[in-house]
Amino acid sequence: MTNVKSLRLTFLLFALLSTSFLHAQNWPNWRGPNGDGTSIETNLPVKWDSITNVLWKSPVPGTGYASPVIWGDRLFTASANLDTKERILLCYDADNGDLLWQKTVVETSLEKKHSDNSYASGTPATDGKLIYVSFLDGDDVVVAAYNFAGEKIWLQRPGKFYSPHGFSCSPALFEDKVIINGNSKKGGFLAALDKTNGEIIWKIPHNESAHSFSTPIFRELAGKTQMIFGGNKEIASYNPDDGSRYWFVEGPSEDFCSSPVYNEKSDLVIMSSAWPQRLLLAIKPDGTGNVSDSHVVWQTKEGAVYVPSPICTDDYLFTTMTNGRVFCIEVATGKILWKENLGKQYASPVLAAGLIYMPNDEGVITVIKPGVSFEFIAKNSIGERMNASPAISNGRIYLRGNKHIFCIGKKRSAEKTEGKIIPFSELKFTDIGAATRTGKMAINGNEIEITAGGSDIWGTNDEFNFGHKKIKGDFDVSVQVLGLTKAHQYTKAGIMARADLSDNSRHVYFQVFPDNTPRNKNNGGCEFQYRQEKGGKMKAVYPNQETAGNKFDVNFPDTFIRLKRRGDVFESYISSNNKTWNLYTTFSQKLPEELLVGMAVTSHNAGKFTKARFANLLQE
């Protein structure tokens with residue numbers, strides 16, 4: 001019999017770490033991979049200002065307090081356009097700050113809200129395949145899923161939400177589920193949706209007239225997986241598989257805003273109520289049923305929080321009030337060790353490399369060394385107000401101000417690694433299509449000349465010459481195009497990822513033309529093409545005529561092209577120096593895990609050859 005507990009523990013470890021320790025850690029949801037603001041990242045800067053150690057700064061359309069989430073080289077957040085009343089999901093390149101796409105999730109009237117809330121306060125969540133985001137549409141809670149190309153996969157309305165304070169639901173992910181907090185003044189609920197299609201897996205009513213803007217955490221405690229959540233006028237532990245309740249503590253008040261934390265050393269769940277009474281409780285998580293009188297180890301009014309969530313080290317708990325008072329509390333006893341005023345604060349702190357990054361509303365982040373007395377390392381300002389919480393990933397700190405997103409990090413010698421050279425001798429050369437003239441190749445060190453024929457790579461059947469190798473899983477391949485002779489206006493050469501060697505195979509193809517002459521809908525020198533179904537017609541993605549300018553032009557030999565795969569998402573880039581890459585398109589297509597990847601060349605002239613010269617074939 002399968003050991004379910006072992007499998008569950010394996011999942012939790014994966015969820016907490018997000019990626020292997022050998023790689024940079026993703027920050028996939030509200031408060032990061034652990035849901036508690038902690039990160040395993042090291043070598044982070046502790047000092048910066050609006051210029052120093054700022055790798056990039058990018059404007060944010062609209063307004064909102066949603067925090068950034070990062071997966072690999074993608075950053076997501078949410079915003080609201082107050083003029084058009086659109087609620088928006090945003091995708092940035094985490095390496096350089098380019099806004100890659102923005103999608104309107106709903107367009108609806110502006111709900112009532114607290115003056116300190118926004119119309120886009122819920123932080124998105126991602127599992128590396130889809131991005132999940134939640135907004136309010138009238139009284140309807142809306143949850144939507146998009147892929148990394150910005151295509152909407154599903155949209156669900158799991159229930160109603162009524163509050164004069166507005167909405168702020170950050171989806172939480174557990175295994176195959178999206179957990180949604182719908183606690184409000186009437187008709188409250190807690191629900192789990194299927195990540196793949198949005199269907200409701202379970203939904204439990206929360207009928208107490210109270211608000212909760214809290215996001216649950218997941219831990220393996222007392223021999224079972226527990227989802228800790230504050231809402232329905234109680235702090236409770238649930239089974240995330242079916243929504244059943246393990247234990248609960250009544251009250252201690254009505255409303256909740258902050259998220260819980262768990263201290264492993266003391267084996268305590270710690271959470272604070274928000275209104276009308278603020279009480280901070282430490283609870284043993286091994287009870288059953290009502291544990292209000294049996295499992296509360298300590299509670300205190302001093303140090304309780306309203307909105308910001310706390311941060312925890314082995315021995316110390318750090319809480320902060322919206323008035324700016326920061327408390328250091330001994331975890332085991334609840335004793336206040338010190339308190340300090342660091343400025344009005346709604347954002348939540350983060351912990352990395354043994355240091356706490358404590359933000360305030362003025363955009364000043366105080367770096368604190370945990371201990372029995374207050375010790376700060378630095379105070380850093382981004383130069384604008386800030387209500388979103390920091391995110392940490394890829395050795396960088398990402399901060400969302402009220403107008404911009406900032407990437408804080410130490411300067412790197414090169415933003416794109418050189419990658420591993422693929423010797424051209426490792427490639428297999430195949431003439432694709434029955435009528436394709438036999439091609440030739442000539443290798444000279446790290447350069448290759450491909451002489452190719454073929455009528456075209458287009459329509460339902462292809463004719464071209466293909467130098468390829470098998471690559472399994474994700475890849476990032478680039479090559480320099482030194483030259484391409486013009487056998488026809490539509491002569492093509494580029495990087496292809498192909499399912500098989502049949503002439504009607506599914507594939508994606510990023511290719512260049514011999515020059516920058518306008519072609520059909522294309523005023524640049526390159527194009528992204530694809531065939532989604534075997535034997536189906538090929539289609540193309542053309543550059544935006546209004547904004548492309550000349551950044552997609554070819555200028556041999558200073559032309560570098562790049563094709564990148566992440567799951568079912570493919571990205572194509574072009575560069576003139578192999579350093580600064582212009583993103584041409586992000587495209588989603590289901591293809592086998594193992595693909596044939598390499599250079600594809602067609603003359604587009606059945607009676608004439610073309611010659612394409614390449615150099616520096618690299619794979620990361």
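The values are calculated or read from the model by the stated rules, or taken from the named source; none is laboratory data. Owing to the predicted nature of the structure, the values given are computational and were not obtained by experimental measurement. Reconstructed Cβ throughout: ideal geometry from the backbone, glycine too, with neighbour counts over all protein chains shown. All accessible areas refer to the heavy atoms of the entire protein, side chains included, with ligands and DNA or RNA removed. Shrake-Rupley method; radii C 1.70, N 1.55, O 1.52, S 1.80 Å.
Here are a few things to note about the model shown:
- [x] 43.3; [y] 37.1; [z] 28.5, with the label sought being that of the calculated mean projected area of the Cα convex hull in nm²: [z]
- Accessible area, probe 1.4 Å, largest first, for residues Lys492, Lys103: Lys103, Lys492
- Cα centroid separation - the range 228-274 against the range 550-620, whole Å: 51 Å
- Loop-located GluC sites (Glu not before Pro) in the range 144-227 (DSSP state other than H, G, I, E, B) with a sparse environment of at most 12 neighbouring Cβ atoms within 10 Å: Glu199.
- Solvent-accessible area of Thr333 with every protein chain in place, 1.4 Å probe, in Å² to the nearest 10: 80 Å²
- The mean sequence separation of alpha-carbon pairs under 8 Å and at least six residues apart, normalised by the residue count of the range 249-319, gives a relative contact order of 32 percent.
- Sequence-ordered 3J(HN,Hα) estimates for the range 358-366 from the Karplus curve with 6.51, -1.76 and 1.60 and θ = phi - 60° stand at 10, x, 10, 5, 8, x, 9, 10, 9 Hz, glycine and proline given as x.
- Vicinal HN-Hα couplings computed from phi for the range 156-162 (Karplus, 6.51 cos²θ - 1.76 cosθ + 1.60; Hz; Gly/Pro x): 10, 10, x, x, 9, 8, 10
- Share of carbon and sulfur in the accessible heavy-atom surface of the chain [1.4 Å probe, %]: 48 percent
- The solvent-accessible area of His114, taken with every protein chain present and a 1.4 Å probe, is close to 60 Å².
- Which of Leu89, Leu337 is most accessible, then next, and so on - probe 1.4 Å: Leu337, Leu89
- Sites Asp139 and Ser425, calculated FRET efficiency, Cβ-Cβ separation with R0 60 Å, nearest 0.05: 0.40
- Hz values of 3J(HN,Hα) by residue in the range 296-304 - Karplus curve (6.51, -1.76, 1.60), Gly and Pro given as x: 7, 6, 7, 8, 8, 7, 6, x, 5
- Amide H contacts under 5 Å for Ile235: Val249, Gly251, restricted to partners 5 or more places along the chain or on a different chain, H placed in the peptide plane at 1.01 Å from N.
- Summarising the amide proton neighbourhood of Asn394: residues at separation of 5 or more, or on other chains, whose placed amide H is nearer than 5 Å comprise Gln25.
- Summed residue charge, Cβ within 10 Å of Leu280's Cβ, Lys/Arg positive, Asp/Glu negative: +1
- Among 361-368, 186-193, sorting by the average number of other beta carbon atoms lying within 10 angstrom of each residue, highest first, gives 186-193, 361-368.
- Dipole of the chain, positive end: most advanced residue of Ile450, His468, Gly494 [Cβ charges, Cα centre]: Ile450
- Most to least accessible of Arg385, Arg566 (protein chains only, probe 1.4 Å): Arg385, Arg566
- Mean-position separation - Cα centroids, the range 81-117 and the range 183-219, in angstrom: 23 Å
- Measuring against 18 Å, Cα to Cα, the residue pairs Lys539/Lys590; Lys564/Lys590; Lys492/Lys590; Lys129/Lys152; Lys537/Lys611; Lys420/Lys579 contain Lys492/Lys590; Lys537/Lys611 as the ones spanning a longer distance.
- Per residue solvent-accessible surface (Å²) - the range 216-372, probe of 1.4 Å: 33 Å²
- Across the chain, C-alpha contacts under 8 Å between residues 6 or more apart give a mean separation that, scaled by the residue count, equals a relative contact order of 11 percent.
- On the beta carbon distance between Asp558 and Ser294, with R0 = 45 Å, the FRET formula returns roughly 0.05.
- Estimated inter-spin distance, Asp515 and Ser502, nm [label 7 Å along Cα→Cβ]: 3.9 nm
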